[in-house]
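Just below is one structure, and these are the notes that go with it.
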Amino acid sequence: MSEIIKVEHLSYVYNPGMPDATAALDDVSFSIEEGDFVGVMGSTGSGKSTLISHFNGLNKPTSGAIYVDGRNMWAQGENLRDFRFLVGLVMQYPEYQLFEETCARDIAYGPKNMGLDDAEVARRVREAAQFVGLSDELLEKSPFELSGGQKRRVAIAGVMAMHPRVLVLDEPAAGLDPEGRDTILSQIQEYHRVTGITVVLVSHSMEDIARYANRVLVLSKAKIAMYDTVEQVFARAPELLELGLSVPQVTQIFLRLKEMGLDIATDVYTIPYAVKTIRKALQGKGAV
């Protein structure tokens, strides 16, 4: 695999030169491989939203560089518009940005701005709508007639329809009920599986990141605290707790079992993995 996003010594300061200047990111460096599903987590104020806003040029680094597909986004002669098609960004509560008369027209807005012909725009609208589970009937309705979860799916489909190389989502399930949350995240997972696109998911839910991501980036106090596979990050659950983050409930159970003297692995972050780990432990004792 090749790098699709590379961040080099990125720092970002809010209100530079002012008495209330605040470093939101401090000398951050890492890279994302094409096709990865990266979960980003950190406590409030750790720099998560500031970081992902750099990926398509909404924020300009105070210092350092952002490379997308090998190109320095802020190099002289580069066109930011190109990067905004390469990296599709879905901000928190994106349904507040819906404005067209019908859902279909809202989804079509991005592809039309790319200069695509009407037939290709229509094809992409249908394709994106299918990925997020929107029926033809709903496409012809005003987005303002839809439920919160349906509006969220329209907004996400509008970004998918641009066929970005990277899909970045900031708390895409925020404010939704459990069913709506599972629906949207499962659809994003399926989109990732089918298209092979790179996905970056910001979430405060450790369960969501454990379930969907294959790599995890942990931010703390404007710096990277961890960046590794899901298994390796959740194996450091005590450190995550020290950073003020929650860990999946199943991980907490295994940590407690370890504290009680049971010789068992604690890098457990999903129920299926928990079952596998327990079976392995029992087999080692000849109980299975």
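Quick note: the coordinates plus some simple rules give every number you see, no bench work behind them. What you are looking at is a predicted structure, and each value in this text was computed from that prediction instead of being measured. Cβ placement follows ideal geometry from the backbone for every residue including glycine, while neighbour counts extend to all protein chains displayed.
Taking the Cα centre of the range 248-288 as the origin, how large is its charge dipole in debye, to the nearest 20, when only Lys and Arg (+1) and Asp and Glu (-1) carry charge on their Cβ atoms? Can you show the working numbers first?
Working: 6 positive and 3 negative charges, 30 e Å.
Here the range 248-288 has a charge dipole of around 140 debye.
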Sum of side-chain charges, residue 28 neighbourhood, beta-carbon under 12 Å (Lys, Arg +1; Asp, Glu -1): +1
Inter-probe distance in nm under a simple model that places probes 7 Å from Cα toward Cβ, at residue 135 and residue 120: 3.2 nm
The range 21-178 pair-distance distribution - Cα-Cα, 10 Å bins, rounded %: 10, 36, 33, 18, 3
Antiparallel bridge percentage (DSSP; both residues within the chain; nearest 5): 55 percent
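For the chain, what is the relative contact order in percent, using Cα pairs closer than 8 Å and at least 6 residues apart in sequence?
Numbers: 532 pairs, mean separation 58.9, N = 288.
Worked out over the chain, it gives 20 percent.
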Positive dipole terminus of the range 248-288, leading residue within 277, 252, 264 (C-beta point charges): 277
Integer Hz, Karplus 6.51/-1.76/1.60 couplings in order for the range 22-36, x for Gly and Pro: 10, 7, 7, 9, 10, 6, 8, 9, 5, 9, 10, 7, 4, x, 6
Angle between the chain longest axis and helix 148-160 axis [Cα atoms, degrees, rounded to 10]: 70 degrees
Residue-by-residue Karplus 3J(HN,Hα) for the range 189-196, coefficients 6.51, -1.76, 1.60, Hz, glycine and proline x: 4, 5, 4, 4, 5, 6, 8, x
Segments 185-196, 101-112 sorted - mean Cβ within 10 Å per residue, highest first: 101-112, 185-196
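Can you give the relative contact order of the range 248-288 as a percent, counting alpha carbon pairs under 8 Å and 6+ residues apart?
Values: 30 pairs, mean separation 14.0, N = 41.
Value for the range 248-288: 34 percent.
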The range 88-159 and the range 178-194: distance between their alpha carbon centers, rounded to Å: 16 Å
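Using r as the Cβ-Cβ distance of residue 31 and residue 231, and R0 as 25 Å, what FRET efficiency do you calculate, to the nearest 0.05?
0.80
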Candidates 26, 118, 208, ranked by Gaussian network fluctuation over the chain, Cα under 10 Å, top entry: 118
Under 13 Å, Cβ to Cβ, from residue 255 - net charge with Lys/Arg +1 and Asp/Glu -1: -1
Dipole magnitude (debye, nearest 20) for the range 1-73, charges at Cβ of Lys, Arg, Asp, Glu: 220 debye
Where a label projected 7 Å from the Cα of residue 75 along Cα→Cβ would reach, residues of the range 38-65 with amide N under 13 Å: 65
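Peptides 264-270, 65-71, 163-169: what's the order by average Cβ count within 10 Å, highest mean first? Display every interim value, and only then the final one.
Numbers: 264-270: 19.9, 65-71: 16.7, 163-169: 22.3.
Ranked by mean Cβ neighbours within 10 Å, highest first: 163-169, 264-270, 65-71.
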Ellipticity estimate at 222 nm from DSSP helix runs (n ≥ 4, -39,500 (n - 2.57)) divided over the chain, nearest 500: -12000 deg cm²/dmol
Net charge dipole size for the chain [Lys, Arg +1 and Asp, Glu -1 on Cβ; Debye, nearest 20]: 580 debye
Spacing of the two label points (7 Å from each Cα toward its C-beta) at residue 282 and residue 92, in nm: 4.3 nm
For the range 78-86, Karplus couplings with θ = phi - 60° (6.51, -1.76, 1.60), whole Hz, Gly/Pro x: 7, 10, 4, 4, 4, 6, 6, 8, 6
